[in-house]
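The values are calculated or read from the model by the stated rules, or taken from the named source; none is laboratory data. For clarity, every value in this text was computed on a predicted model and none was experimentally measured. Glycine gets a Cβ as well: all are built from the backbone with ideal geometry, and neighbour counts include every protein chain shown.
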Amino acid sequence: MIILLQLAVVLFFIFLGARISGIGLGVMGMIGLLILIFVFDMQPVDPPLEVMLIIISVVTLAAALQAAGGLDYLVQLAGDVLRSRPGQITILGPLVTYCFTLFAGTAHISYSILPIIAEVAISKRIRPERALSMSVTAAHMGITASPVSAASAAMLTVVVVGGMQLGDILLVCIPATLIGVMVGIVFVLKRGKELDQDPVFLERMKDPAFVKNLDQQQSGDKQELRPGAKKSVGIFALAVIAVVILGSFPSLLPDFAGSERFTPGFAVNDHGQVQMPSMIMIITLAATGLILLFANATSSQVTKASLFTSGGQATIAVFGVVWMSGTFMHHNFDIIESSLSELVTAYPWTFALALFALSILLFSQAATTKALMPLGLALGMSPAYLIGIFPAVNGHFFIPGYPTLLTAIQFDRTGTTRIGKYVLNHSFMLPGIVTTISAVVAGLILQTILI
């Protein structure tokens with residue numbers, strides 16, 4: 001069938017883009033889209049402009065926080081918490097990382113916390129793999145619970161047509177992902193051999209230079225903060241609060257239905273109300289402006305921040321791969337619907353597996369959400385049910401190529417956090433699977449109770 005050939009084209013360029021990494025998904029997606037248009041005569045659908053603009057807006061605000069020194073201030077606070085109870089690092093490490101991501105909306109913020117977690121674990125001779133594997137997993141879970149993440153914004157654009165609001169997503173996904181993280185923490189508490197029994201660690205201990213380096217105390221001196229660090233955190237926090245309040249109580253959104261010059265469009269819906277995705281863009285970029293004005297940051301510092309670079313890559317990735325996959329799905333919608341409707345109707349949980357599988361390929365919760373969640377609606381699944389299985393988009397730990405996974409491996413000097421001989425038997429596989437399943441199950445239960 002020709003649809004299988006078309007699907008092969010889509011999957012090939014997704015695989016190729018994932019292999020290239022960075023902007024690879026986006027640009028390879030565009031090559032695939034060209035083939036779909038000119039070879040298979042497919043009409044391209046609208047590009048995912050809403051999600052792309054939200055990613056740019058939110059990441060710009062996070063980059064401004066970083067440029068003003070607010071991220072360094074938050075890392076200091078996290079370090080104080082983690083070092084205050086070093087014996088509890090396997091529990092506190094993931095929870096602190098989860099909270100950071102929940103607040104900032106990006107897992108890339110965990111890069112600054114992972115070395116502290118590794119240091120504290122090593123100092124107490126606690127197997128670092130336990131805390132690091134769950135901290136990375138918790139950071140990814142936090143994305144699907146954050147009010148200012150691109151994934152949550154993408155989810156909002158899908159379920160808002162069914163009357164759901166940002167508050168509904170947060171009401172289910174925050175406790176669901178937190179439950180998933182707690183179950184994952186319990187799972188890893190005694191996972192793996194203790195350091196004094198681990199063969200890799202014992203082999204490294206034969207090297208005197210390694211022993212000397214391992215026992216050296218890391219500097220606990222606090223980095224001098226930039227003048228506007230605390231102000232930037234305050235402004236960022238106000239922006240997050242504003243997004244949560246307006247997203248939870250849509251009646252507070254500006255309404256122009258009574259205006260003589262009212263015309264619906266991208267920012268304002270047919271009822272005259274400003275749409276929440278557009279309000280997220282406005283609030284986050286306005287907060288960025290306030291940081292530039294009052295927190296001693298410059299625009300050049302913002303654009304040079306590492307979070308801004310990673311956000312640009314995510315935007316291009318979503319642009320290409322979602323446009324390509326959306327075009328394929330729209331063109332073959334009748335066939336896809338007839339093929340999957342009976343299966344999804346009989347076994348709705350299989351759609352969660354589809355989300356998980358696609359997220360493995362796309363390495364992006366936002367791209368997975370925007371590419372597949374609309375199909376769930378079209379297949380007759382309720383918006384509330386889709387919110388319940390939202391944590392299933394966190395499958396990009398499956399193949400150990402995501403930067404947060406590689407960073408955690410790099411910071412573990414003991415060698416316990418590693419990629420196995422068969423690649424997929426790595427340190428993050430079982431904690432990720434246990435946490436994701438637990439979060440999805442909790443989400444399915446909570447969505448029946450809370451919304």
Could you please find all residues in region 84-106 being over 19 Å from ARG130 (Cβ atoms) and aliphatic (A, V, I, L, M)? LEU102, ALA104
Mind counting the residues in region 284-307 that are of a type outside the set (Ser, Thr, Tyr), surrounded by fewer than 21 Cβ atoms within 10 Å (Cβ to Cβ) and within 15 Å of ILE56 (Cα to Cα)? 4
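Inside region 89-103, can you point out the residues that are free of Cβ contacts under 8 Å to residues at least 60 places away in the same chain and within 21 Å of the chain's Cα centre (by Cα)?
Hits for region 89-103 are LEU92, GLY93, VAL96, THR97, CYS99, PHE100, THR101.
To keep it simple, each residue is scored yes or no on (1) under 30 Å from PHE38 (Cβ atoms); (2) out of contact with any His (no Cβ under 9 Å at 6 or more places or on another chain); (3) small (Gly, Ala, Ser); (4) crowded, with 16+ Cβ neighbours inside 10 Å.
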{"residue": "LEU343", "(1), (2), (3), (4)": "no, yes, no, no"}
{"residue": "SER359", "(1), (2), (3), (4)": "yes, no, yes, yes"}
{"residue": "GLN365", "(1), (2), (3), (4)": "no, no, no, yes"}
{"residue": "GLY380", "(1), (2), (3), (4)": "no, yes, yes, no"}
{"residue": "ILE389", "(1), (2), (3), (4)": "no, yes, no, yes"}
{"residue": "PHE411", "(1), (2), (3), (4)": "no, yes, no, yes"}
{"residue": "VAL423", "(1), (2), (3), (4)": "no, yes, no, no"}
Might you check whether a residue that is more than 22 Å from the chain's Cα centre (by Cα), over 19 Å from LYS231 (Cα atoms) and among the polar types (S, T, N, Q) occurs anywhere in region 260-269? yes
Enumerate the pairs (first residue in region 305-323 and more than 15 Å from ILE109 (Cα to Cα); second residue anywhere and surrounded by fewer than 24 Cβ atoms within 10 Å (Cβ to Cβ) and among the hydroxyl-bearing types (Ser, Thr, Tyr)) with beta-carbon separation below 9 Å, excluding pairs fewer than 6 apart on the same chain, so at least 6 apart or on different chains. GLN313/SER21
Residue that is surrounded by the most Cβ atoms within 10 Å (Cβ to Cβ) [pool: residues in region 12-35 that are at pLDDT 90 or above and of a type outside the set (A, V, I, L, M, F, W, C)]: GLY29
Taking region 44-54 on its own, how many of its residues are out of contact with any helix residue (DSSP H, G or I) (no Cβ under 7 Å at 6 or more places or on another chain) and not acidic (Asp, Glu)? 1
Kindly indicate whether any position in region 157-180 is under 16 Å from the mean Cα position of the chain (by Cα) and not in a helix (DSSP H, G or I). no
So is LYS212 within 27 Å of GLY79 (Cβ to Cβ), among the charged types (D, E, K, R) and either part of a helix (DSSP H, G or I) or modelled with pLDDT under 90 (or both) or not? yes
Let me confirm something: among THR345, THR404, which residue is of a type in the set (S, T, N, Q) and either more than 20 Å from the chain's Cα centre (by Cα) or farther than 28 Å from LEU170 by Cβ (or both)? THR345
Any residue in region 412-424 that's acidic (Asp, Glu): show its pairings with residues that are buried (at least 16 other Cβ atoms within 10 Å of the Cβ) and in a loop (DSSP other than H, G, I, E, B) at Cβ separation under 7 Å, as long as the two are six or more apart or on different chains. none
State all residues of region 14-42 that are farther than 15 Å from ALA367 by Cβ, touching a helix residue (DSSP H, G or I) at 6+ places or on another chain (Cβ under 7 Å) and in contact (Cβ under 8 Å) with a residue 60 or more places away in the chain; if no residue qualifies, say none. LEU36, PHE40, MET42
Of the numbered conditions (1) closer than 25 Å to LEU450 by Cα; (2) surrounded by fewer than 24 Cβ atoms within 10 Å (Cβ to Cβ); (3) of a type outside the set (Gly, Ala, Ser); (4) at pLDDT below 90, THR350 satisfies every one except a single condition; which is it? (4)
Hey, any hits in region 238-258 for a residue that's under 28 Å from ARG83 (Cα atoms), at pLDDT 90 or above and small (Gly, Ala, Ser)? no
